[in-house]
Amino acid sequence: MRARTWTVILLVALSVAAGAFARQRQYKRFVRDALALVVEGKLQAAERKLRATLDLYPGDGEAFFGLAVVAARRGQMDSALTYARRAVAAGVPVERFRAGPRDLLRPLLRYPGFRRWLASHGSELVHGPMLGNVTDSSASFWLRTAEEAAVELEVSSDSLFRHVCARAQGATSAERDFTTVIRVAGLKASTRYFYRVGINGIRQPGVWSFRTFPRFGHPAKFRVAFGGGAGYTPWHERMWDTVRRFRPLAFLFLGDNVYIDHPTMPEVQRYCYYRRQSRPEFRRLVSRTAVYAIWDDHDFCTNDGWGGPDADEPPWKRQVLRVFRENWVNPAYGGGSAAPGCWFRFSIGDVDFFLLDCRFYRTDPHAPHPSMLGPVQKRWLLDGLASSTAVFKVIASSVPWSFGTKPGSLDTWEGYKAEREEIFSFIARQRIEGVLLLSADRHRSDVWKIERPGAYDLYEFESSKLTNVHTHPLMPGALFGYNARCSFGLLDFDTEASDPEVTYRIVNIDGEVVHSVTVRRSELSF
């Protein structure tokens, strides 16, 4: 057997062994799975799991949060309030108890002593603001309030709001889990703006800023960050401040953004979103940086899972999408109610981005003629690529495109070779130039090159260890790989150059650039 084969076998064996150990200590799972037991009515088992969490992580605020839920469900309101106080003292923002999940905390929310305590703490602005769906003349803002509320947003060209250039109103609703998205238009391209929020006529603390995108279709220089694999890990949440320091115009969340793994439990899904949205580091990033998000298996279903070809089967699919939509601010969500999903397209200057949904319509890779995208999304992608006049067309998948990224698995595009070839052959046949590939899923950051005889080679930039503890081994087929620490991908576009270029940098959690590669437009042409 050749040395390369033995190397791959050894790497897989080490990965399995390391994964088994890491699964025992992956913080993101403990309280999440305890709350799943609460949903199932298994309060004693949930309490045991939460106390085991405290044995591993003494004084952990999330464990106290979970114990408050358990006590409330048992009707032990004084104990529940005590645990709530301990959670807040341990660093859990008090707004977490305003957000809920309300179905789990409802007995406590009705308790007069808890309501008095809550009234003296926290803010009506529970989560957000989160910036998204930015263009060269508009932007959208997402937020969550404690109760249904009227919301006003003001945008100014100066931080003192002497020149308010736009105002917009909205209202949060219980039907959307007390969230709203407010859109502001009539802005200037490539301009810095400031904004503030009012709730029920009361101005909230804080002033935030953002930049509009460069003029649509025009050459520009700009920066985009991306990544996946963002399991909730308190000691890695500083990653969001690291990303913010590089000042990207946008951040692309490419899946495994919060790690839910309970597709039939909306309460657990919301809990996973809430604990991330409450982090001050995360709020600092998303209030200033345009956010775009797709999901992968751990946010949509379970490990390596798929949804199947029918939009309504299994029946939990639309509910999972509903919770996803409540917690992001994307330009679109698939093909509407008839063809739901999380895929969408947006542009910055003369670069087009196509973000794919690789789970909702995915079929069994072991069955004949498997599909990852489904016919509607695939047609949307091919038509979009054919009609695009952008200098670069960036296709972002939640799973790797290159073969050899996950040996022995059919979960990547290696399990969907025919559909992958259909996309790549269409690009070659239609002579679509400037295509770049992004991906996530593997807990590391990589550079890959896919050789295409008779066409230009396709570069793939992969990054998916934003905050995860669990690490995947480096693969011998990559041009470069990094897994020593948490990391993210940074893309610098320059389409003003005589030969437009994009530089991919791998940046670790400490802000160190560990590798970079530049691809020029002339390399992506026929």
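Side notes on the structure shown:
- Kirkwood hydrodynamic radius of segment 216-315, Cα pairs, Å: 15.0 Å
- Extension gain, ARG345 back to ALA52 (0.36 nm per residue minus Cα-Cα distance, nm): 101.1 nm
- In this structure, ASP78 and ASP241 have a Cβ-Cβ separation that, at R0 = 60 Å, corresponds to a calculated FRET efficiency of about 0.95.
- Helical segments meeting 24 Å axial Cα length and Kyte-Doolittle -0.5 threshold in the chain (DSSP H): 3-24
- Reach of LYS406 by Cα under 26 Å, taken over lysines that are not fewer than 8 positions away in the same chain: LYS28, LYS378, LYS393, LYS417, LYS449, LYS465
- Calculated percent of Cα pairs over 29 Å apart (choose from (1) 52; (2) 71; (3) 68), label: (1)
- Rounded to 0.05, the FRET efficiency of the ALA185 and GLU147 pair, given R0 = 25 Å and the Cβ-Cβ distance, is 0.35.
- Cut-off 13 Å (backbone N to label point 7 Å along Cα→Cβ of ASN303), residues of segment 26-46: 26, 29
- Note on SER123 and GLU313: their simple-model spin labels are 4.7 nm apart, each label 7 Å out from Cα toward Cβ.
- For the pair SER173 and ARG215, a Förster radius of 35 Å applied to the C-beta separation gives a FRET efficiency near 0.50, rounded to the nearest 0.05.
- Computed magnitude of the charge dipole of the chain (debye, nearest 20; Cβ of K, R +1, Cβ of D, E -1): 1420 debye
- Estimated inter-spin distance, ALA89 and ARG25, nm [label 7 Å along Cα→Cβ]: 2.8 nm
- Gained length - VAL514 relative to ARG115, 0.36 nm times residue gap less alpha-carbon distance: 138.7 nm
- Extension reserve of the PHE426-ALA45 stretch, reckoned as 0.36 nm per residue once the Cα distance is removed: 131.8 nm
A short reminder: the numbers here are calculations on the coordinates, not readings from a lab. This one's a predicted model, so the numbers in the text were calculated from it and none came from an experiment. Reconstructed Cβ throughout: ideal geometry from the backbone, glycine too, with neighbour counts over all protein chains shown.
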